[in-house]
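What follows is one structure encoded as structure tokens, with my remarks underneath.
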Amino acid sequence: MIVVVTGMVGVEKKSYLGGVCRLAAERGKEVLLCNVGDRMYGEAPDIAPGKILDIPMKRLSSLRRSVFKDIIAKAQSAPNLIVNTHATFRWRHGLFPAVDFDQMRQLNADMYVCLIDGVIAVHGRLYDEHSVEHSLKDLIVWREEEIIGTEMLCKGINEKIPFYCLARGAEEQTIETFYRLVFEGTAKKAYLSFPMTAVGDIGHVQREIDEFRRTVKPLFTCFDPGDLEEAYLPQKAEAAREKGLDYVEVAALGRSIRLDLHEIKQIERDINSQIYARDFMLIDQSDMRISFIPTMPDGRAAISSGVERELQHAHEAAKEVYVIWTAQQSPSVFVTQTATEVFGSLPDAVEFFKRKGYVIDRGIRS
């Protein structure tokens, strides 16, 4: 199995993929990880760390081709290979490709994965560990360019091989997701759907959603929109502005990170448009959609317009659509007519999936 993994600077793919290789080793699979950036620096010891994109484009291309030539050779004998690279770079040279199509055809990968993360986490890592000047607008644009660039690369090389977009989120969970994508190809892939922004401050509802996510993730290869949550940023920024502040404090990477209100305002439209496009992409790369609809304190179902739109999209894409509806009120026809099955509780849904043979039983409680 040969997997090409891309992602913008600041996602920290190397450490993440190291975790994937350790998990694979624990499960008896040998995986060779080739970090293209490290190998380029290894071939050019005269280049200072962090300065490789400043060298002339001709030398940069020559270094890259030399490294990929070695990786292609290693691919002939490695039982499993992960190539950690970028699809694009945006630097002083402008936007330019980070790979060559002729060499990617020779590599003949079995899968492409674009690893992404939230702009807050990426901003925090770049601030701490890299001398990369950036704004939040830069980060959200770079992320979109990397996703599109990777998808175009994949389809340009071989449109029959899979391309996935994966948010790294809670690393210990998404490393498992990555492993299953690569090594458990027959496992069902599920897109998880649930209300987010509107219920974020309702404690018991949020706990129910968290329990849903914890329960379902071990059962399938899950794509979880909650692994990359940014929709709350504009609301948080507005609340800070009303207090007379010009910044907002948000939690990421296990600490508090300060963001400029003006920069958040600049990306508000981008956040909304990327959520819309990305969630549909995650549905399209899944086999099924599992939607959890909790109950609001007043007894109403906590179903948002976004969840309803995702239901319709999954239905029209001929995906299996499962809805866990916990409210006493009956679901509307727009739910029942787009759902494959509707369940009254999470345990009922899990039991159904086990009866259908969809779940690889890993000793997870239901």
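The values are calculated or read from the model by the stated rules, or taken from the named source; none is laboratory data. This one's a predicted model, so the numbers in the text were calculated from it and none came from an experiment. With ideal geometry, Cβ positions are generated from the backbone for all residues, glycine too; neighbour counts draw on all protein chains shown.
When only residues in the stretch 189-208 that are within 19 Å of the chain's Cα centre (by Cα) and either surrounded by fewer than 22 Cβ atoms within 10 Å (Cβ to Cβ) or farther than 21 Å from Glu144 by Cα (or both) count, which is modelled with the lowest pLDDT? This residue is Thr197. Give the residue that is nearest to Glu144 (Cα to Cα), with candidates limited to residues of the stretch 296-322 that are outside any helix (DSSP H, G or I) and modelled with pLDDT of 90 or more. Out of the qualifying residues, it is Ala317. Within the stretch 20-33, being over 21 Å from the mean Cα position of the chain (by Cα) and either closer than 20 Å to Asp100 by Cβ or surrounded by 15 or more Cβ atoms within 10 Å (Cβ to Cβ) (or both) holds for Lys29, Val31, Leu32.
Answer with yes or no whether Gly156 is small (Gly, Ala, Ser) and assigned to a helix (DSSP H, G or I). Yes; evaluated as a whole, the condition is true for this residue. Considering only residues in the stretch 2-19 that are in a helix (DSSP H, G or I) and hydroxyl-bearing (Ser, Thr, Tyr), the one that is surrounded by the fewest Cβ atoms within 10 Å (Cβ to Cβ) turns out to be Ser15. Being farther than 25 Å from Glu30 by Cα and either part of a helix (DSSP H, G or I) or in contact with a Gly (Cβ under 6 Å, 6 or more places away or on another chain) (or both) is a description that applies to Thr215. If you go through the stretch 286-316 and keep only what is out of contact with any strand residue (DSSP E or B) (no Cβ under 9 Å at 6 or more places or on another chain) and not polar (S, T, N, Q), you end up with Met296, Pro297, Asp298, Gly299, Arg300, Glu308, Arg309, Glu316. Assessment of the stretch 165-184 against the conditions (farther than 25 Å from Ser291 by Cβ and small (Gly, Ala, Ser)) yields no matching residue. Within the stretch 270-291, no residue that is part of a helix (DSSP H, G or I) sits with its Cβ atom under 7 Å from a residue that is surrounded by fewer than 16 Cβ atoms within 10 Å (Cβ to Cβ) and basic (Lys, Arg) at 6+ positions apart or across chains. Checked against (1) surrounded by 16 or more Cβ atoms within 10 Å (Cβ to Cβ); (2) small (Gly, Ala, Ser); (3) farther than 27 Å from Ala277 by Cβ, Ser345 passes all but condition (1). Thr150 meets the conditions (1) over 28 Å from Ser286 (Cβ atoms); (2) in a helix (DSSP H, G or I); (3) of a type outside the set (A, V, I, L, M); (4) touching a Ser or Thr at 6+ places or on another chain (Cβ under 8 Å) in every case but one. The failed one is (1). Scanning the stretch 63-118 for residues that are over 12 Å from Ile2 (Cβ atoms), among the aliphatic types (A, V, I, L, M) and surrounded by fewer than 18 Cβ atoms within 10 Å (Cβ to Cβ) gives Ala73, Leu95. Among the residues of the stretch 173-230, those that are hydroxyl-bearing (Ser, Thr, Tyr) and more than 30 Å from Asp110 (Cβ to Cβ) comprise Thr197, Thr215. Set side by side, the residues Ile267, Ile257 differ, and just one is touching a His at 6+ places or on another chain (Cβ under 8 Å) and either part of a helix (DSSP H, G or I) or not assigned by TED's automatic domain parsing to the domain that holds Tyr127 (or both), which is Ile257. Is it the case that the stretch 149-156 has a residue that's of a type in the set (S, T, N, Q) and modelled with pLDDT under 95? Checked the stretch 149-156: no residue is of a type in the set (S, T, N, Q) and modelled with pLDDT under 95.
The residue list Arg65, Arg90 contains one member that is of a type in the set (D, E, K, R) and under 21 Å from Glu43 (Cα atoms), which is Arg65.
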